[in-house]
1. Of these, Glu30, Glu46, Glu5, which one is in contact with a Phe, Trp or Tyr (Cβ under 9 Å, 6 or more places away or on another chain), farther than 15 Å from Ile88 by Cβ and without any contact (Cβ under 8 Å) to a residue 24 or more places away in the chain?
2. If the Cβ limit is 9 Å and pairs must be 6+ apart or interchain, which residue in region 70-89 that is in contact (Cβ under 8 Å) with a residue 40 or more places away in the chain and part of a loop (DSSP other than H, G, I, E, B) pairs with which residue that is open to solvent by less than 50 Å² (accessible area, probe 1.4 Å) and aliphatic (A, V, I, L, M)?
3. Does Gly66 count as open to solvent by less than 70 Å² (accessible area, probe 1.4 Å), near the ligand (Cβ under 8 Å from one of its atoms) and assigned to a loop (DSSP other than H, G, I, E, B)?
Amino acid sequence: MDFEEVAKQLANPSGKYGIDVALGMNSMNEFISKTTYELLKIKDNESVLEIGFGNGKFIKDILNYGSRISFTGIDISNTMITEAKKIIVY
Ligand SMILES: C[S@@+](CC[C@H](N)C(=O)[O-])C[C@H]1O[C@@H](n2cnc3c(N)ncnc32)[C@H](O)[C@@H]1O
C-alpha cells in the first residue's frame, strides 16, 4: 500500500483494511482521546458531540463520565458507522 492509499484510509477508513486501520487509530489515539475527555470534565446530563468517532471504541468512556450523558457523533466513513453500531447499545 502506498502513501496516498494509507492517507486515504486514515481520512476515510473503508472496507476490511479500513477496519484494521481503525484498530490502529484506537491504539495511537487512546492516550490523547482519554486525556481530552478528562480535560472536558464531562458531567451528568451534558451533551457531547464527537466529529469522527471512528469505530466508536471510546464512546463508552465518554458515557461513563456521568449519568444521562447525551452522545451525538458523526463520521464520514460508512465502514466506521457500521463498526460503531456493533459496539454501541442504544
Ligand atoms: C484519526 S480517526 C479517529 C477515530 C477515533 N476518534 C479514534 O480515536 O480512534 C479520524 C476519523 O474521522 C473521520 N472523518 C474524517 N473526516 C471527517 C469529516 N469531514 N466528517 C466526519 N468524520 C470525518 C474518519 O472517517 C475517521 O473515522
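1. Numbers: Glu30 fails: without any contact (Cβ under 8 Å) to a residue 24 or more places away in the chain; Glu46 fails: without any contact (Cβ under 8 Å) to a residue 24 or more places away in the chain.
That would be Glu5, the only listed residue that is in contact with a Phe, Trp or Tyr (Cβ under 9 Å, 6 or more places away or on another chain), farther than 15 Å from Ile88 by Cβ and without any contact (Cβ under 8 Å) to a residue 24 or more places away in the chain.
2. Filtered contacts from region 70-89: Ser77/Ala22.
3. Details: open to solvent by less than 70 Å² (accessible area, probe 1.4 Å): yes; near the ligand (Cβ under 8 Å from one of its atoms): no; assigned to a loop (DSSP other than H, G, I, E, B): yes.
It is false that Gly66 is open to solvent by less than 70 Å² (accessible area, probe 1.4 Å), near the ligand (Cβ under 8 Å from one of its atoms) and assigned to a loop (DSSP other than H, G, I, E, B).
Conditions tested, residue by residue: (1) in a helix (DSSP H, G or I); (2) more than 10 Å from the ligand (Cβ to nearest atom); (3) farther than 12 Å from Tyr65 by Cα.
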{"residue": "Pro13", "(1), (2), (3)": "no, no, yes"}
{"residue": "Lys16", "(1), (2), (3)": "yes, yes, yes"}
{"residue": "Asp20", "(1), (2), (3)": "yes, yes, yes"}
{"residue": "Asn29", "(1), (2), (3)": "yes, no, yes"}
{"residue": "Ile32", "(1), (2), (3)": "yes, no, yes"}
{"residue": "Thr36", "(1), (2), (3)": "yes, no, yes"}
{"residue": "Ile42", "(1), (2), (3)": "no, yes, no"}
{"residue": "Asn45", "(1), (2), (3)": "no, yes, no"}
{"residue": "Glu50", "(1), (2), (3)": "no, no, yes"}
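The values are calculated or read from the model by the stated rules, or taken from the named source; none is laboratory data. None of these values were measured; they are calculated from a predicted model. Please note: Cβ atoms are built from the backbone with ideal geometry, for glycine as well, and neighbour counts cover all protein chains shown. To get the accessible areas, we keep the full protein, side chains included, count just its heavy atoms, and leave off ligands, DNA and RNA. Shrake-Rupley method; radii C 1.70, N 1.55, O 1.52, S 1.80 Å.
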